Amino acid sequence: MRQESAAMRRARERNYQKDSTWYCQFKYSEVHGLGYEEGVHRRDPSSIIKVGETYYVWYTKSIGPSVGYDTGDLDAKVWPWDWSDIWYATSADGIHWQEQGVAVCRGESGSYDDRSVFTPEILAHDGHYYLVYQVVQHPYLRRSKEHIGMAQSDSPNGPWMKLNEPILSPASNGEWFGDVDNRHLVKARGDFDSHKTNDPCLFYYNHQFYLYYKGYPMGEQLTCAGRETKWGVAIADRPEGPYIKSEYNPITNSGHETLLWPYRDGMAALLTTDGPERNTIQYARDGLQFEIEAYIEHPPEAGGPYRSEQPDLHPLEGLRWGLSHEINSKWHYMIRFEVDESTKHLCNNRFNH
Ligand code: AAL
């Protein structure tokens, strides 16, 4: 008598036979103006917006090599995103970019963002522009908390006005063990975001402001799926907050840099790099309850997609093209990604042949 194997039971329970509407593969190509440059890191691009006939992108930029935490020099640059500022570039075609200059600088000594501002995301809403980004205060140690800041402008070219304090902070319910700068040693881990709130991604959605982000717990462990990162969302009635973390947090069990786009009444997401559900596209009809829609290969890293004006054309319209970063080289730089149109509905096409 035929029996169901464990693998086929999983396939049935997890609905691996789902249709391929959300499935795709990606193509990558060089960009001009934000490509490889000796001595400079450009990484973590924001989403791309179009204002008039011009595309805009914001990103982390820093100069010089990073040396890690163990030099004993509190001023040493520990990561490529340490001692960074947020820069922006414009383009007429999404391929040739002109770097325009600094959008947001790190703050004066003693301020909450005096060490580094990085990993920006943009929201254009009602004639105003909102940049959200990570902030770190000096000194940058393994146990440093990472917060999310915001700057506002009436023009994509600035000037940008920073808010007086971060709009989102790590949960305060973890407790370190001892005084050594070791982020794995804890008395209490606290919530999934008790150590870091990273990778903000802001939307105006269902008449409120939804701030998606990635969290790290204090005392992060290695799991069977690698590092422990998860996403949360915090919701506000006004762009500057107050942002209230959702009672459903964490709303993903996987994913590193946030990449989300609106589709119909819900939010779609590309989860990469970490966790058991890395390399999946997921969809939540209410922006909170995410389900796996597709398993993918070679997704863009830290992708910033073009914010389409017609997001409902196709589930993948909001992911059609954008910039991502390439970090397998000494200096980090930007490349362009595109959904390979010939791979959409791959299975169905095959059936037609
Ligand atoms: C990234 C992001 C955040 C992290 C670091 C810089 O790709 O997840 O920004 O802090 O790595």
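The values are calculated or read from the model by the stated rules, or taken from the named source; none is laboratory data. What you see is a predicted model, and the numbers here were worked out from it, not measured in a lab. FYI the Cβ positions are ideal-geometry reconstructions off the backbone, even for glycines, and counts take in every protein chain you see. Areas reflect the complete protein model, heavy atoms only, side chains present, ligands, DNA and RNA absent. Shrake-Rupley method; radii C 1.70, N 1.55, O 1.52, S 1.80 Å.
One table, with the values for the structure above:
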quantity: Residues that are buried (at least 19 other Cβ atoms within 10 Å of the Cβ), assigned to a loop (DSSP other than H, G, I, E, B) and out of contact with any Cys (no Cβ under 9 Å at 6 or more places or on another chain), drawn from the stretch 258-277; calculated: Thr272, Asp274, Gly275
quantity: Among residues of the stretch 164-181, those that are closer than 23 Å to Phe118 by Cα and open to solvent by 30 Å² or more (accessible area, probe 1.4 Å), counted; calculated: 6
quantity: Subset of the stretch 319-344 (residues that are modelled with pLDDT under 95, over 25 Å from Gly39 (Cβ atoms) and not charged (D, E, K, R)); calculated: Ser342, Thr343
quantity: Matching residues in the stretch 70-80 - criterion: being open to solvent by 50 Å² or more (accessible area, probe 1.4 Å) and within 15 Å of the ligand (Cβ to nearest atom); calculated: Trp79
quantity: Flag for Trp97 being open to solvent by 30 Å² or more (accessible area, probe 1.4 Å) and of a type in the set (A, V, I, L, M, F, W, C); calculated: no
quantity: Filter result (open to solvent by less than 100 Å² (accessible area, probe 1.4 Å), among the polar types (S, T, N, Q) and over 22 Å from Pro300 (Cβ atoms)) within the stretch 14-30; calculated: Asn15
quantity: Failed item, numbered, when Gln134 is tested on (1) polar (S, T, N, Q); (2) closer than 14 Å to Tyr59 by Cα; (3) over 19 Å from the mean Cα position of the chain (by Cα); calculated: (3)
quantity: Selection from the stretch 228-249 of residues that are within 25 Å of Thr272 (Cα to Cα) and free of Cβ contacts under 8 Å to residues at least 12 places away in the same chain; calculated: Glu247
quantity: Some residue of the stretch 217-234 being open to solvent by 10 Å² or more (accessible area, probe 1.4 Å) and in contact with a helix residue (DSSP H, G or I) (Cβ under 9 Å, 6 or more places away or on another chain); calculated: no
quantity: Selected residue [more than 16 Å from the ligand (Cβ to nearest atom), out of contact with any Ser or Thr (no Cβ under 7 Å at 6 or more places or on another chain), closer than 19 Å to Tyr295 by Cβ and open to solvent by 50 Å² or more (accessible area, probe 1.4 Å)] from Ala11, Ala6; calculated: Ala6
quantity: Residues (hydroxyl-bearing (Ser, Thr, Tyr) and over 21 Å from Leu123 (Cβ atoms)) located in the stretch 256-292; calculated: Thr272, Thr273, Thr280
quantity: Residue that is surrounded by the fewest Cβ atoms within 10 Å (Cβ to Cβ), among those in the stretch 127-148 that are over 24 Å from Gly219 (Cβ atoms) and free of Cβ contacts under 8 Å to residues at least 40 places away in the same chain; calculated: Gly127
quantity: Residue list for the stretch 175-222, filter: among the basic types (Lys, Arg) and within 16 Å of the ligand (Cβ to nearest atom); calculated: Arg183, Lys196, Lys214
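Rundown of residues vs (1) in contact with a Phe, Trp or Tyr (Cβ under 7 Å, 6 or more places away or on another chain); (2) of a type outside the set (Val, Ile, Thr); (3) closer than 21 Å to Tyr133 by Cα, yes/no style:
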{"residue": "Ile251", "(1), (2), (3)": "yes, no, yes"}
{"residue": "Thr272", "(1), (2), (3)": "no, no, yes"}
{"residue": "Pro311", "(1), (2), (3)": "yes, yes, no"}
{"residue": "Ile327", "(1), (2), (3)": "no, no, yes"}
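Residue-by-condition table, conditions (1) within 16 Å of the ligand (Cβ to nearest atom); (2) under 22 Å from the mean Cα position of the chain (by Cα):
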site: Glu30; (1), (2): no, yes
site: Gly39; (1), (2): no, no
site: Trp58; (1), (2): yes, yes
site: Arg115; (1), (2): yes, yes
site: Glu121; (1), (2): yes, yes
